[in-house]
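First comes the structure, then the notes that go with it.
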Amino acid sequence: RRVMESASRLELHVSCRNLRSSRLYDDPHSIVVLYCQVLETSTFQELGRSELIKNSPNPDFLSSFLVDYLFGKCQKLKFEVYNVERRVIKLNEQDMLGFMECTLGEIVSAKSSKLSRPLLLKNKGKSHGQIIISAEESCGSNDVVCLHFSASGLDKKDFMGKSDPYLVILRQSEGGWVPVHKTEVVKKTLNPSWRPFSMPLRTLCNCDFNRFLKVQCYDWDRDGKHDFIGEFISTLNELVACSRGRKSFECINKAKTDKKTYKNSGIITLFRCSITPRHSFLDYIKGGCQICFTVAIDFTASNGRPSLPSSLHYINPFEPNPYILALRAVAEIVQDYDRCGTI
């Protein structure tokens, strides 16, 4: 009996552990490149690249990869991790830290849809670190969430100064906590105010307003060994309810809670949490948007006289010229969105 194929949109998050830099005393500046094998061929096609994370042997990449999951197909994936030494990222000029090949089915069928594998190098059998892939079905919402945070009274982490704080937002998944956003670093202050930022609703909580979100505060260090200040846990429902007025959350470092005098490691304040719909092309069409088609052709002298067969503008009685072919190709698509039927 034939099984009907249906595609689900999966969001893949990537982390690495114990990466080894090509330089002896430096931690790597790493990116991940994802390739997918073209169906029924042996060639791999690049699907996307992560952001660059500097000075970290254990990066948790914020950017995710969206992949269509087809149950009836063997979808082979290849993840390559590179140490980036130059501003212009040309892969053939970077040092590969390792690669891992698997199928999308292996990721989905793993416990909690979280697959951990060693990173390998060609002609070198030993492991060069671990790569961790987690998968989750993506919701179809186009809504955007805007958040604005500040903090006050944060713990001082720098011996000769104050702190350089930034926030990391994580969402809960079956396999643990997945980072989805990181704010900018505000230098030399215990009372930072971060810039407002926007992100897709599906990225923040996959459209689940009751999913737990964790907001962590760190003190940035140049060597990449950032100091943990504290955290709090909430949900988008709670954050949206706070948008009617300021809401403060205690920033707690669990390692300090055993101390009798400990209260918190600062206060994080939410100034704004709003959700704005981002309309898709289909939304505009359903709302009555129509497309008109206007054409202008420049009879450039360099194309030759239109009466000569060598000209691109020549009207051939037996076959259409390149201009007519291009007009037909566009008009055949656009005419479906013109209710007046004038195209």
Residue that is at pLDDT 85 or above and in a helix (DSSP H, G or I), where the choices are 136, 106 = 106
Restricted to region 239-255, and to residues that are modelled with pLDDT of 90 or more, open to solvent by less than 70 Å² (accessible area, probe 1.4 Å) and not in a loop (DSSP other than H, G, I, E, B), which residue is farthest from residue 153 (Cα to Cα)?
-> 240
Could you please give the count of residues in region 42-75 that are in contact with a helix residue (DSSP H, G or I) (Cβ under 8 Å, 6 or more places away or on another chain) and of a type outside the set (A, V, I, L, M, F, W, C)?
-> 3
Would region 302-322 turn up any residue that is at positive phi, open to solvent by less than 90 Å² (accessible area, probe 1.4 Å) and out of contact with any Pro (no Cβ under 6 Å at 6 or more places or on another chain)?
-> yes
Checked 258, 223 against criteria (free of Cβ contacts under 8 Å to residues at least 60 places away in the same chain and either under 14 Å from residue 154 (Cα atoms) or not in a strand (DSSP E or B) (or both)); the one match is 258
Does any residue of region 30-46 turn out to be in a loop (DSSP other than H, G, I, E, B) and touching a Ser or Thr at 6+ places or on another chain (Cβ under 9 Å)?
-> no
Residues that are farther than 25 Å from residue 199 by Cβ, touching a Leu at 6+ places or on another chain (Cβ under 8 Å), crowded, with 16+ Cβ neighbours inside 10 Å and polar (S, T, N, Q), drawn from region 52-106 | 75, 83
Among the residues of region 139-191, count how many are open to solvent by less than 40 Å² (accessible area, probe 1.4 Å), of a type in the set (A, V, I, L, M, F, W, C) and part of a strand (DSSP E or B).
-> 12
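The values are calculated or read from the model by the stated rules, or taken from the named source; none is laboratory data. Fair warning: this is a prediction, and the values are worked out from it, not measured in the lab. We place every Cβ from the backbone using ideal geometry, glycine too, and count neighbours over all the protein chains shown. Remember, those area values only see protein heavy atoms, side chains included, never the ligands or the DNA or RNA. Shrake-Rupley method; radii C 1.70, N 1.55, O 1.52, S 1.80 Å.
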